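Just so it is clear, none of the values below were taken in a lab; they were calculated from the coordinates. As the structure is a computational prediction, the values presented were derived from the model and not from experiment. When we count neighbours, we look across all protein chains shown, and the Cβ atoms used for this are built from the backbone with ideal geometry, even at glycine.
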């Protein structure tokens, strides 16, 4: 359960930082002066990282834990995803 929480928080923060990188690249090509103002300072970049980590922490404590499913080799919110259901009937 702990590994699922850590993986989910890492995925959330990585996604936030990917959006920040996309905004950085977009501004670099369209408005370089604005890009320098927003991303050229170490403190401003550190603030972006801190905001991403805070967002990941908030999402992590407010949602269910991901559990590892050995059938698919991935993490899911439903730990029984892919397992046969007891009321499932195979048609002939």
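Worth a mention:
- Scan of the range 48-63 for residues that are surrounded by 12 or more Cβ atoms within 10 Å (Cβ to Cβ) and either farther than 30 Å from residue 27 by Cα or over 19 Å from the mean Cα position of the chain (by Cα) (or both), ordered by number: 60, 63
- When every residue of the range 24-47 is checked against the conditions, none turns out to be within 18 Å of the chain's Cα centre (by Cα), surrounded by 13 or more Cβ atoms within 10 Å (Cβ to Cβ) and part of a helix (DSSP H, G or I).
- The range 49-83, residues that are assigned to a helix (DSSP H, G or I) and in contact with a helix residue (DSSP H, G or I) (Cβ under 6 Å, 6 or more places away or on another chain): 52, 53, 55, 56, 59, 60
- Contacts under 6 angstrom Cβ, first residue in the range 1-12 being farther than 17 Å from residue 78 by Cβ, partner crowded, with 18+ Cβ neighbours inside 10 Å, 6 or more apart: 9/56; 9/60; 12/56
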